[in-house]
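Report on one structure; see the data block that follows.
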Amino acid sequence: MEQKIFNYVAGRKEPDFFKCPEDAELMSVHENVRRSIECATETISVELDEVLKVKAEAVMSAIGWTLEETLILFLYWCVSDPDRAESWAKAHLEGEKK
């Protein structure tokens, strides 16, 4: 289960998972993400602005994902290649400063 998620995210330079939400590979990975949540042994809380939360839930639910599932997929992407994730984050932070 976990390896299938890692394999999916490993080939992506950016966390652009939802460009084609009907993609068969993404749908298969979605099932693995759901199973990973069911097997999870840790729970965390994330502080979010209420407006952001509502908007993000609306966007993600329209394609069948929850915020929890989306965050988990993003975290798998980050840990699959920390150097790539760091470079991506720095590039986007630098873009915000301009």
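The values are calculated or read from the model by the stated rules, or taken from the named source; none is laboratory data. None of the values given here were measured: they were computed from a predicted structure. Note: ideal-geometry Cβ built from the backbone for every residue, glycine included; neighbour counts use all protein chains shown.
Of the residues making up the stretch 47-76, those that are closer than 23 Å to residue 8 by Cβ and aliphatic (A, V, I, L, M) are 56, 59, 60, 62, 63, 67, 71, 72, 73, 75. Listed by first and then second residue, the pairs with beta-carbon distance under 7 Å, at least 6 apart or on different chains, first residue in the stretch 32-53 and in a loop (DSSP other than H, G, I, E, B), second at pLDDT 95 or above and basic (Lys, Arg), form an empty list.
Do we find that residue 84 is part of a helix (DSSP H, G or I), touching a Phe, Trp or Tyr at 6+ places or on another chain (Cβ under 9 Å) and basic (Lys, Arg) in this structure? Spelling it out, residue 84 is indeed part of a helix (DSSP H, G or I), touching a Phe, Trp or Tyr at 6+ places or on another chain (Cβ under 9 Å) and basic (Lys, Arg).
When only residues in the stretch 5-28 that are in a helix (DSSP H, G or I) and farther than 14 Å from residue 75 by Cα count, which is farthest from the chain's Cα centre (by Cα)?
Step one: filter the stretch 5-28 for residues in a helix (DSSP H, G or I), giving 5-10, 24-28.
Add one more test, that the residue is farther than 14 Å from residue 75 by Cα, and what stays is 24-28.
Values: 24: 17, 25: 14, 26: 11, 27: 13, 28: 14 Å.
Ranking the candidates gives 24 first.
When the stretch 29-44 is filtered for residues that are under 16 Å from the mean Cα position of the chain (by Cα) and either loosely packed, with under 10 Cβ neighbours inside 10 Å or β-branched (Val, Ile, Thr) (or both), the ones remaining, listed by number, are 29, 33, 37, 44.
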